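Engineer: Structure provided below as structure tokens; questions to follow.
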Amino acid sequence: MGKNAVVIGRSNIVGLPTSLLLQRHHATVTILHALTKNPEQITREADIVVTASGVPNLVRGNWLKPGAVVIDVGTFPVEDPSCENGYRLIGDVCYEEASKVASAITPVPGGVGPMTIAMLLSNTLDSAKRAYDFT
Ligand SMILES: NC(=O)C1=CN([C@@H]2O[C@H](COP(=O)(O)OP(=O)(O)OC[C@H]3O[C@@H](n4cnc5c(N)ncnc54)[C@H](OP(=O)(O)O)[C@@H]3O)[C@@H](O)[C@H]2O)C=CC1
Ligand SMILES: Nc1nc(=O)c2c([nH]1)NC[C@@H]1CN(c3ccc(C(=O)N[C@@H](CCC(=O)O)C(=O)O)cc3)C=[N+]21
């Protein structure tokens, strides 16, 4: 209740709905985008940071208020022959730095991505039940 939240990215897919959900939970929300001036200064005021820009390692440790909660939605693929599929994903947040400052942080990979897949399956099952009148 009453937390300051920063959402980085204003897309209809991630940034906008996330900011509406946060407001529903009584956060005071600031939305940052590619033309925002002093993003680091604004982000440093936030108790909650949700970032979905697709810019790898955009958010550095010194962008964060100590104890902030950080959710990294960004995924940027880079070639990596040592990985099974030939690439690996980099998030919006410099995890090395941010994990030393944040009280909680989601990694990339292993964070929002697998949750997205789990929720997609759960929502698909709900839709199928509705479609076939199962309760
Ligand atoms: N893990 C998951 O399940 C999901 C991950 N994603 C990932 O999230 C990221 C964003 O996806 P999506 O919203 O569809 O992408 P879009 O490209 O539609 O939106 C990106 C947003 O980030 C903003 N942005 C770009 N650069 C900066 C910057 N330097 N500083 C601040 N804001 C910036 C853009 O601003 P502007 O509007 O001014 O251009 C835009 O609003 C991608 O990496 C995507 O792969 C997306 C969906 C699900
Ligand atoms: N309308 C729309 N909906 C989306 O949900 C959507 C989209 N557009 N555009 C592209 C992004 C990207 N995205 C990912 C989902 C899961 C993982 C995921 O599970 N990744 C694994 C790793 C996978 C690997 O390394 O190959 C992880 O993060 O641990 C990644 C990325 C959904 N997106």
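Engineer: Can you report the number of residues in the range 1-35 which are buried (at least 16 other Cβ atoms within 10 Å of the Cβ), within 14 Å of ligand 1 (Cβ to nearest atom) and part of a loop (DSSP other than H, G, I, E, B)?
Structural biologist: Residues in the range 1-35 being buried (at least 16 other Cβ atoms within 10 Å of the Cβ), within 14 Å of ligand 1 (Cβ to nearest atom) and part of a loop (DSSP other than H, G, I, E, B): 3 in total.
Engineer: If you go through the range 92-115 one residue at a time, how many are within 18 Å of SER53 (Cα to Cα) and in contact (Cβ under 8 Å) with a residue 40 or more places away in the chain?
Structural biologist: 4
Engineer: A further question follows. Given GLU40, GLU84, GLU45, which one is of a type outside the set (Gly, Ala, Ser) and part of a helix (DSSP H, G or I)?
Structural biologist: So the residue among GLU40, GLU84, GLU45 that is of a type outside the set (Gly, Ala, Ser) and part of a helix (DSSP H, G or I) is GLU40.
Engineer: Okay, moving on. Do we find that VAL93 is within 16 Å of ligand 1 (Cβ to nearest atom) and under 23 Å from SER19 (Cβ atoms) in this structure? Spell out how you get there, then give the answer.
Structural biologist: Numbers: within 16 Å of ligand 1 (Cβ to nearest atom): yes; under 23 Å from SER19 (Cβ atoms): yes.
Answer is yes for this residue.
Engineer: Do we have ILE105 as touching a helix residue (DSSP H, G or I) at 6+ places or on another chain (Cβ under 8 Å) and of a type outside the set (Phe, Trp, Tyr) here?
Structural biologist: Yes; evaluated as a whole, the condition is true for this residue.
Engineer: Taking VAL73 as the residue in question, decide whether it is more than 16 Å from ligand 2 (Cβ to nearest atom) and in contact (Cβ under 8 Å) with a residue 24 or more places away in the chain.
Structural biologist: Against the criterion (more than 16 Å from ligand 2 (Cβ to nearest atom) and in contact (Cβ under 8 Å) with a residue 24 or more places away in the chain), VAL73 does not qualify.
Engineer: Can you work out which of the residues in the range 41-55 that are without any contact (Cβ under 8 Å) to a residue 40 or more places away in the chain and over 13 Å from ASP92 (Cβ atoms) is farthest from ligand 1 (Cβ to nearest atom)?
Structural biologist: Within the range 41-55, the match that is farthest from ligand 1 (Cβ to nearest atom) is ARG44.
Engineer: Can you name every residue in the range 80-135 that is aromatic (Phe, Trp, Tyr) and more than 21 Å from the chain's Cα centre (by Cα)?
Structural biologist: TYR132, PHE134
Each reported figure results from applying straightforward, stated rules to the coordinates on display, with no laboratory input. Bear in mind the structure is a predicted one, so any value in this text is a computation, not a measurement. Here Cβ is always computed from backbone atoms with ideal geometry, including for glycine, and neighbour counts include all displayed protein chains.
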